[in-house]
1. Sequence gap of 8 or more, or different chains, plus Cα separation below 28 Å: how many lysine pairs satisfy both in the chain?
2. In square nanometres and to one decimal, what's the mean projected area of the convex hull around the Cα atoms of region 98-209?
3. Pick out which of S163, S94, S188 has the largest mean-square fluctuation in a Gaussian network model of the chain, springs linking Cα atoms closer than 10 Å.
4. At 1.4 Å probe size, with the rest of the protein present, what percent of the exposed accessible area of the chain is carbon and sulfur atoms?
5. Under the classification rounded if a/c is under 1.5, otherwise prolate if a/b is larger than b/c and oblate if not, where does region 76-152 fall, given a ≥ b ≥ c as square roots of the Cα gyration tensor eigenvalues?
6. Quick one: if the Förster radius is 45 Å, what FRET efficiency do V208 and Y138 give, using the C-beta to C-beta distance and rounding to 0.05?
7. For the chain, what is one quarter of the convex hull surface built on the Cα atoms, given in nm²?
8. Would you compute, for the Cα atoms of region 34-113, the largest minus smallest coordinate along each principal axis and list the three values in descending order, in whole Å?
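The values are calculated or read from the model by the stated rules, or taken from the named source; none is laboratory data. Everything quoted here is computed from the prediction, not taken from an experiment. Ideal geometry is used to build each Cβ from the backbone, glycine not excepted, and the neighbour counts take in all protein chains shown. Just the protein is used for accessible areas: all its heavy atoms, side chains included, with ligands, DNA and RNA removed. Shrake-Rupley method; radii C 1.70, N 1.55, O 1.52, S 1.80 Å.
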Amino acid sequence: MNSIDGPAQRIREQILIPKCEGRAFHVARGEVLRVVAVEGPQAADVIAFNAEDLRESLSTWLTRHMSGSFRAATDIYTKLPAARVMFRVLRAPSGVFWLSPGRCNVLTYSKKASLAAPHPNCQDILAGVIEPFGLTAYDVPEVLNLFMDPVLHADGTYEFRASPVRPGDSVDLLAEMNCLVAISACPSEAPYNVGGPKALEAEILTPVG
């Protein structure tokens, strides 16, 4: 587990994210965003914007570029041309980052002809929760995928294993700017959501004193 000591914190807000749903909220500079797999293995699709300038958003691609890894990072960056540190990773169990900027969408499920109705997907979930903030589906930025455990093969392909997280495991991200954050509890039946979609929880911790 990666762990960096930070200032003493208290929980300011707890936000339940029901399975197959999303929530959006603000995290202030100096606060910690804790994303919790409250019910065990469950992918969290996280997006974030600079609350002072919504044009600046989280970039998983630049984070991967700067860390040199698809599976680990100490700093989470915003997209070019700003290219600033948005979050510092204070704590993360092994095998919880998938630094690919994608998310499930209507195309992901359209190949399944047996579906009688459109399948819930993270693109639409995230678009819906940021709409009250004046944003649209076109504004959904690169996604930071948490609690996913990919295997990268020598031929360039990859596959997902069962997520290794246990109920209560979490990732702590220290905000380096005022952020608008949105999280989707991914509705996929993929191996990382062992047993099917589940709820997540977001906790916002604020400095004591």
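1. Working: K19/K111; K19/K112; K19/K198; K111/K198; K112/K198.
So the count of such lysine pairs works out to 5.
2. Values: hull surface 39.8 nm².
Averaging across all directions leaves 9.9 nm² for the Cα convex hull.
3. It is S94.
4. Details: 5220 of 9780 Å².
Solvent-exposed carbon and sulfur of the chain make up 53 percent of the total.
5. Numbers: a/c = 2.42, a/b = 1.32, b/c = 1.83.
Taking the square roots of the gyration eigenvalues as a ≥ b ≥ c, region 76-152 is oblate.
6. Working: r = 40 Å, r/R0 = 0.88.
Plugging the Cβ-Cβ distance into 1/(1 + (r/R0)^6) gives 0.70.
7. Details: hull surface 47.5 nm².
Its Cα hull, projected and averaged over all orientations, spans 11.9 nm².
8. Result, largest extent first: 42, 28, 25 Å.
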